[in-house]
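Bear in mind these aren't lab numbers, they're just calculated from the coordinates by the rules spelled out. Treat the numbers as computed from the prediction; the structure is a model and nothing was measured. When we count neighbours, we look across all protein chains shown, and the Cβ atoms used for this are built from the backbone with ideal geometry, even at glycine.
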Ligand code: SF4
Ligand code: SF4
């Protein structure tokens, strides 16, 4: 797809939509300083300060000191960050879970649409998008596909049209072709002559991040509550918009400090240890974390696309040509994906069973967001198979707001009771 062909709504219609949707409300970003302060106060680690401060200072999203670098916003866990980094551009993941933005988003999309999409639309009111050079939107769920049209009057959009099936043998050539087209598009768009060397360098950077992320993931699963769930999910959220090299350096500090605490046996934990799966948990929507913490549980592991899915898989290059690297990226992002938008639920179920067994976890909580059908529709399949494997399972349907906190808490309490 060339830069010119990349239009979703013709100019005259875009103009109408732009006038109609021109954010008329307050140009705001909600103030979450007290929530950040509260979560920070629960952390046992001095080195976590960097991450909390980064979110507290996240007034305009971007870490970039060098204003000349292009800023490329993207959605989901299917857009290869490495290709963007190779162009010396900054990848910023825009998936959003903010209840205030979701309310504001109802000026753009109907109220009975998934809250993530509403929150993304409402983010337009914050004027964050003004700073971006380009948006990359993958064909994930139907709502994400429609985002390409909704957002195109405001920003240039690249639509990454990948098949919704994650079987490697059937699709690897199509994925490689789609990623190559994206690579070619960026070359034209930014008039760049980059080569495989820049791609390799970008892969090295994200692989270092994966390396420390994996250490932290497995540390948390074995050592409850030293790196608590607020630390972990906040760190994961900052990876949406922070320099991967800086993130890695700061995460290494967290890991060293946590190892030191472990060696001194400074933390004792007797609660239940839970695996969280399902819809992404993105700051500021930490409602489930808060409830679980209040009930004395440790969220020891996850499979969410906002944490585990974003950083766990490395780029394993065996052929250092441009096409070889691009093919490997498609394996990291698409073949390994457990996003419910793909056919391939076996991968998620295998992962849940293996993780519970490997780390001897007590049960699985499935985070369903209200009005997200792709997550909800697979609940029963997962429940039945986990039941057969004697793994306790709770499916929770919730929203981004706090209104149902009491109800969610009661359901988790009943689940924990069952685990005793
Ligand atoms: S679950 Fe899938 S569609 Fe939803 S945000 Fe994650 S990658 Fe995107
Ligand atoms: S997968 Fe579900 S939660 Fe994610 S954007 Fe699509 S409808 Fe919303």
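Using a Gaussian network model on the chain with a 10 Å cutoff between Cα atoms, which of 351, 78, 369 fluctuates the most?
Comparing 351, 78, 369 in a Gaussian network model of the chain, the most mobile one is 351.
Specify the angular offset, from 0 to 90 degrees and rounded to the nearest 10, of the alpha carbon long axis of helix 244-263 from the longest principal axis of the alpha carbons in the chain.
Helix 244-263 sits roughly 10 degrees off the main axis of the chain.
Give me 411, 327, 220 sorted ascending by neighbouring Cβ count inside 10 Å, so fewest comes first. Walk me through the numbers before you get to the answer.
Numbers: 411 17, 327 20, 220 24.
Final ranking by Cβ density, sparse to dense: 411, 327, 220.
How many angstrom lie between the C-alpha centres of the range 300-358 and the range 69-87?
17 Å
Report the FRET efficiency, 1/(1 + (r/R0)^6), for residue 219 and residue 184, where r is their Cβ-Cβ distance and R0 is 45 Å, rounded to 0.05.
Plugging the Cβ-Cβ distance into 1/(1 + (r/R0)^6) gives 0.65.
Quick one: order 399, 354 by neighbouring beta-carbon count within 10 Å, fewest to most.
The most exposed by this proxy come first: 354, 399.
Using the Kirkwood formula on the Cα atoms of the range 238-301, what hydrodynamic radius do you get, in angstrom to one decimal? Each step should come with its number before you reach the end.
Details: mean 1/r = 0.0705 Å⁻¹.
The answer is 14.2 Å.
Using the eigenvalues of the Cα gyration tensor, what equivalent ellipsoid semi-axes result for the chain when each is taken as the square root of five times the eigenvalue, whole Å, largest first?
33, 25, 22
When 373, 367 are ordered from fewest to most other Cβ atoms inside 10 Å of their Cβ, what list results?
Going from least to most buried by this count: 373, 367.
Tell me the Kirkwood hydrodynamic radius of the range 230-374 in angstroms, computed as one over the mean inverse distance between distinct C-alpha pairs.
Mean inverse Cα-Cα distance, inverted, gives 17.2 Å.
No solvent, one uniform scatterer per C-alpha: report log10 I(q)/I(0) for the range 85-180 via the Debye equation at q = 0.12, 0.19, 0.21, 0.25 1/Å, two decimals.
Rounded to two decimals, the profile gives -0.45, -0.96, -1.09, -1.32.
Mind jotting down a quarter of the surface of the convex hull over the alpha carbons of the range 146-219, in square nanometres, one decimal?
On the way: hull surface 31.0 nm².
If you wrap the Cα atoms of the range 146-219 in a convex hull and average its projections, you get 7.7 nm².
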